[in-house]
Amino acid sequence: MINYRHLQYFLQVARAGSVNRAAEKLHLTPQTLSGQIKGFEERLGIELFQRSGRKLELTEAGRLALSYADEIFRIGAELEESLGEAPGARMTPFRVGISDAVPKTISHRLLMPALGLEEPVKLICKEDRLERLVAELAIHRLDIVLANKPMPSTVDVKGYSHPLGECGVAFFASKALAKKLGADFPGNLDGMPLLLPGEDSALRVPLLRWLEKRGVSPRIAGEFDDSALMKSFGEAGLGVFPSPAAIADEVVRHYQVARIGQTDEIHERYFAITVERHVKHPAVLAMSETAHNSLFKRISPSQPRRPAPGRPTQKSGSE
């Protein structure tokens, strides 16, 4: 069994990059701390540090150990905090990874139902690229990942993509730019500045194909991984920008822009990615119910039926 005092010593040295600096913080002599680290390495049968000049650098095994040590002590701190609260005030952490391609308004509206549960949760959100979030989901640092596409098949992680809903795409422009465009949508986009989501967005390629199919060739004025930043530049008049039709009213109100057109021929789709085949977490179930019943339009009878909440349509990784 791991000696957690040794693990704490290792964590402090790894963070400080020096035995001397870590020893000062721990109120130990450098010789004592060095001996403790050496004993820890011998116990594990592997070197955690390598010397680089006057500094200590983590080996590959050391970096792996550090990630686990951080997680162990973070969970320990949460446990201590939770046990220190009055029984009625204790809140269960709900850790959510949000792909940076998902609009903030969509994330907010999807997550709000999780805060209204009978058993309160403490919402912890982390935004990053989808691949990195899925990696954290795999080691249970996250309970769920919100994304605008299913989990990539190239990621060697066992997980499941649960559809939350889909909607058409609306186009917006500053009021000054909208006056120059005219009403012939989407032909009025030809030759006009257009702001595009970044390469990680599932919307980018279908959007470009849709424009090409209609013989429309806008001028690409900018590309953005952050959808909020794209909207801000659109508000400033840099170009026309797309956004999910489900939040069109909020976009118009928040950014003071005009909606110049909409298409249902291309869709924005949203998924809850989990390590569970069937979702059981009450917060995720509440999010799914809200998504299906109010946020996104219902599928018409001629379209494929949407799976029931908690039933995935795509998975990655082996069984």
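The values are calculated or read from the model by the stated rules, or taken from the named source; none is laboratory data. The structure presented is a predicted model; accordingly, all values stated were derived computationally and were not measured. Using ideal geometry, Cβ is built from the backbone for each residue, glycine included, and neighbour counts are taken over all protein chains shown.
Run K149 past the list (1) crowded, with 17+ Cβ neighbours inside 10 Å; (2) in contact with a helix residue (DSSP H, G or I) (Cβ under 8 Å, 6 or more places away or on another chain); (3) assigned to a strand (DSSP E or B) and report the number of the one that doesn't hold.
Of the numbered conditions (1) crowded, with 17+ Cβ neighbours inside 10 Å; (2) in contact with a helix residue (DSSP H, G or I) (Cβ under 8 Å, 6 or more places away or on another chain); (3) assigned to a strand (DSSP E or B), the odd one out for K149 is (3).
Test each condition in (1) surrounded by fewer than 18 Cβ atoms within 10 Å (Cβ to Cβ); (2) not assigned by TED's automatic domain parsing to the domain that holds S174 for T274 and report the one that comes out false.
(1)
Go over the candidates E268, E235 one by one and state the one that is charged (D, E, K, R), touching a Ser or Thr at 6+ places or on another chain (Cβ under 7 Å) and crowded, with 18+ Cβ neighbours inside 10 Å.
E235
Within segment 282-304, can one find any residue that is charged (D, E, K, R), at pLDDT 85 or above and assigned to a loop (DSSP other than H, G, I, E, B)?
No, the conditions are met nowhere in segment 282-304.
Need a quick list: helices (runs of 4 or more DSSP H) entirely within segment 1-85 having at least 2 residues that are closer than 29 Å to A138 by Cα.
It comes to 4-16, 30-44, 60-84.
Can you name the residue in segment 15-70 that is touching an Asp or Glu at 6+ places or on another chain (Cβ under 9 Å) and of a type in the set (A, V, I, L, M, F, W, C) and, of all such residues, is surrounded by the fewest Cβ atoms within 10 Å (Cβ to Cβ)?
A61
When you go through A246, A135 one by one, which is the residue that is part of a helix (DSSP H, G or I), out of contact with any strand residue (DSSP E or B) (no Cβ under 7 Å at 6 or more places or on another chain) and of a type outside the set (S, T, N, Q)?
Of A246, A135, the one residue that is part of a helix (DSSP H, G or I), out of contact with any strand residue (DSSP E or B) (no Cβ under 7 Å at 6 or more places or on another chain) and of a type outside the set (S, T, N, Q) is A135.
Quick check: is even one residue across segment 160-173 more than 10 Å from the chain's Cα centre (by Cα) and farther than 30 Å from F241 by Cα?
Restricting attention to segment 160-173, the residues satisfying the condition of being more than 10 Å from the chain's Cα centre (by Cα) are 160-173.
Pick out the ones that are also farther than 30 Å from F241 by Cα and you get 160.
Yes, segment 160-173 contains a residue that is more than 10 Å from the chain's Cα centre (by Cα) and farther than 30 Å from F241 by Cα.
Can you list residue pairs whose Cβ atoms sit under 7 Å apart, with the first residue in segment 1-29 being assigned by TED's automatic domain parsing to the domain that holds G39 and the second being at pLDDT 90 or above and outside any helix (DSSP H, G or I)? Count only pairs 6 or more apart in sequence or on different chains.
F10/L48; A14/L58; A23/T29
Which residues, counting only those in segment 199-214, are over 24 Å from V102 (Cβ atoms) and touching a helix residue (DSSP H, G or I) at 6+ places or on another chain (Cβ under 8 Å)?
R214, the sole residue that qualifies.
Answer yes if at least one residue in segment 140-163 is among the small types (G, A, S), in contact with a Gly (Cβ under 7 Å, 6 or more places away or on another chain), touching a residue at least 24 places away in the same chain (Cβ under 8 Å) and closer than 30 Å to E276 by Cβ, and no otherwise.
yes
Working only within segment 90-132, note down all residues that are under 25 Å from D200 (Cα atoms) and assigned to a helix (DSSP H, G or I).
K104, T105, I106, S107, H108, R109, L110, L111, L130, E131, R132
Surrounded by fewer than 21 Cβ atoms within 10 Å (Cβ to Cβ) and either over 30 Å from R253 (Cα atoms) or assigned by TED's automatic domain parsing to the domain that holds S107 (or both), is that true of K213?
When the stated conditions are applied, K213 passes them.
Just one of G222, G187 is loosely packed, with under 14 Cβ neighbours inside 10 Å, touching a residue at least 12 places away in the same chain (Cβ under 8 Å) and either out of contact with any Ser or Thr (no Cβ under 9 Å at 6 or more places or on another chain) or closer than 20 Å to I106 by Cβ (or both); which is it?
G187
So, in segment 152-166, exactly how many residues are assigned to a strand (DSSP E or B) and touching a Leu at 6+ places or on another chain (Cβ under 8 Å)? Steps first, please.
At the first step, the residues of segment 152-166 found to be assigned to a strand (DSSP E or B) are 159-166.
Now narrow it down to the ones that are touching a Leu at 6+ places or on another chain (Cβ under 8 Å): 159, 164-165.
Of the residues in segment 152-166, 3 are assigned to a strand (DSSP E or B) and touching a Leu at 6+ places or on another chain (Cβ under 8 Å).
Being under 17 Å from N293 (Cα atoms) and either of a type in the set (G, A, S) or buried (at least 17 other Cβ atoms within 10 Å of the Cβ) (or both) is the filter here; which residues of segment 106-125 pass it?
Result: I106, S107, R109, L110, L111, P113, A114, G116.
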